[in-house]
Amino acid sequence: MRASGLLSVTPSTPMSPAAHLNDEQKKSLIKRVQSVDGFRITAPLEKNQTLPFVGIADATSSFFTTDKEQVWTDDLRVEIEDHIISRLRASGQDSFNIFSDLLPVVVEGVDAVVKDSFTESFRPRAPDAWNWNIFLFFTWTLGVIVRYLVLFPMRFLFLLLGTLIFILVNLILLLVPPSKGKDAFFRKLLNVWSSVWLYSLSAVIKYHNAPPPRRPNQIFVSNHTSLIDFIVLTEHCGVATVGQKHPGLVGFLQNKVIAPLRNIWFERFESRDRSLVAKRIKDHINDTTNPPLLIFPEGVCVNNEYCVMFKKGVFEIDDVEICPIAIKYNKTFSDPYWSSKDESFVGHIMRLMKSWCLVADVWFLEPEKKGKKESPIDFASRIQKMISAKAGLVNLSWDGYLKYYAPSDRLRNERQKIVANQLKRRFGHLFVEEEEEQKEKKEEPQSDKKNE
Amino acid sequence: MGTNSSSLRPEEIEEMQKGTNFNQKEIKRLYKRFKKLDKDGNGCITSDEFFMIPELAVNPLVKRVISIFDSNGDDSVNFKEFITALSVFNSRGDKNAKLEFAFKVYDIDNDGFISNGELFKVLKMMVGNNLSDIQLQQIVDKTILEADEDGDGKISFQEFAKVLTHTDLDNKMTVRV
């Protein structure tokens, strides 16, 4: 949803007050008055749903999007409900009209044709054209010359040189037998190399708070925009990660260069390996000599304006301590969103190197543990909200993997249930009569028999 | 920048402006969106391409909406059809056009009447298997009975319009572009 003041409300599971109404009634109430209040249900996901590719994806339950700056809490949701209910009472509209009350379903469809939050999440930012008059154009041209002809070659050479030295040292390291000292040295080396990357992007990164001290069973989770996220965090606190295997240059880096970090890689469509991946994650985080594990629970790169559903995966691990990290890039100079479909990694890095600089804020938030009664899905959703709130992202409950899969019919069924409930509420008395009639009919022949 | 949006020629835009309620800026924006949805870039959006939008794919009435968009019935939506249909939902859109769109949702065979069977089909799409066919049929019968004034057992456009007289269509059927 664009930050246009349009508010999307999805009535979701545990909802407090308005005690005299049950959840179903509340849902239908919200549905009914949405036009009155300008509320609108955008995503029909209400309950946790699982997509066909077993286990990888489960949606979080509650879902709330609104203007970026505002962060809605559950209390607020209750307030809205109460407001809606009182509005409904005041209007006293008791008549139900199928044609007009089901109209919102049509309008939602058309709305999604024009603009949908899911596509928005993966949309690169179009550069602003500000070179619109002759004076600005001159300044802009000057900037282009500096960026392309001065900064870019310098940065490129610096990165090349740094990388060559890195490779050279690595080659020498191959001769040294494996040892703890070697691993430590390598990690230091990797930190230095990451700084080379960041310098060559003229990265200006502001870190807020210190990363939590290394403890067993600890996993860092962060929102995901680009592979740069990983470089940024490697430079600061040397992390290992679980991620998707890439082809090409990135694949080479993953397999050969950063191997001593004991990263865990898997194919995106490899669902069979999942138990293996889970086991390796567990082994990794229990051993405090390993670098902390960084996970991007969104599973895909998002444009740093939205935050798509956090997959429950790592949130399921027993007694895991989740350390949320929020990363917000400033898009004034460049858009660090990496859409791997449209852009190769080299192209992505080159593009960033041609801009003035890369500006980002990184927040290390308080570590969190799963509540006793909390489900992994709710836990994941809670952390997602924390990160979105800190980084000013719009929280969505769409699964990022829907980029690759069409949503299953089950999602539509959730939507249909809502409509069905609405109809039941309105026409319920008809059905009761019907049932009674049927009962009577059944009883009649019996009594006939008796009479005979 | 904006290499995609510039492929509409000015005279084309002008022509579209006449045929719809959109201004130049909105048409350009919609063209961008159209291109985004038209994944294979063949100039029209097929149902499969529409289904790639999760928000749309889970909409129970998506098939009806697409078929109304597709006014020439070739199973795909070209840009002209795209903006013509969306124009109805413009805040400057005509109330009657909005009403017609809503009517077409139910009038599947396009004969100018909503029959008992058609209303049943559409409601079935909306509720799936969450209501029994008997229950659904009761709702359909009751709705038709209430709306049908001339007693022909189906709802004409005039009868449909009458049912929706008190509905704030301008507000309800407006989509921001």
According to a simple spin-label model (label point 7 Å from Cα along Cα-to-Cβ), what is the distance in nm between A:F158 and A:N217?
4.4
Sort B:D152, A:D342 from largest to smallest accessible area, using a 1.4 Å probe on the heavy atoms of the protein chains.
A:D342, B:D152
Shape descriptors of the range A:109-266 over alpha-carbon atoms, Rg and Dmax in angstrom, are 20.4, 64
Consider all pairwise Cα distances in the range A:240-339 and report the whole-number % of them above 23 Å.
34
Efficiency by 1/(1 + (r/R0)^6): what FRET value for A:S340 and B:D152, r their Cβ-Cβ distance, R0 = 56 Å, to the nearest 0.05?
0.45
Please get the size of the charge dipole for chain B, origin at its Cα centre, with Cβ charges of +1 on Lys and Arg and -1 on Asp and Glu, quoted in debye to the nearest 20.
1020
Assuming a viscosity of 1.002 mPa s and a temperature of 20 °C, what translational diffusion coefficient in µm² per second does Stokes-Einstein assign to the range A:134-403, Rh being the Kirkwood radius over Cα pairs?
109
Please calculate how many Å² of accessible area the range A:134-403 carries per residue, with a 1.4 Å probe and no DNA, RNA or ligand atoms counted.
46
For the pair A:N290 and A:K373, the simple spin-label estimate (label points 7 Å beyond Cα toward Cβ) gives in nm 3.4
Taking 2.2 N^0.38 Å as the expected size of a compact globular protein, what ratio does the Cα radius of gyration of the range A:195-257 give against it, to two decimals?
1.23
For chain B (alpha-carbon point model, no solvent) the Debye-based log₁₀ I(q)/I(0) at q = 0.08, 0.11 Å⁻¹ works out to -0.30, -0.55
Provide the FRET efficiency to the nearest 0.05 for the A:W356-A:L174 pair, computing r from the beta carbons and using R0 = 45 Å.
0.70
Calculate the FRET efficiency for A:K182 and A:F135 from the Cβ-Cβ distance with a Förster distance of 60 Å, rounded to the nearest 0.05.
0.55
What's the carbon and sulfur percent of the range A:134-403's accessible surface, probe 1.4 angstrom, rounded to a whole number?
66
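The values are calculated or read from the model by the stated rules, or taken from the named source; none is laboratory data. Note that the coordinates shown come from a computational prediction; the quantities given were computed from them, not determined experimentally. In this analysis, Cβ positions are derived from the backbone assuming ideal geometry, glycine residues included, and neighbour counts consider all displayed protein chains. The protein model used for the area step is the full one, side chains on, heavy atoms only, and it has no ligands, DNA or RNA in it. Shrake-Rupley method; radii C 1.70, N 1.55, O 1.52, S 1.80 Å.
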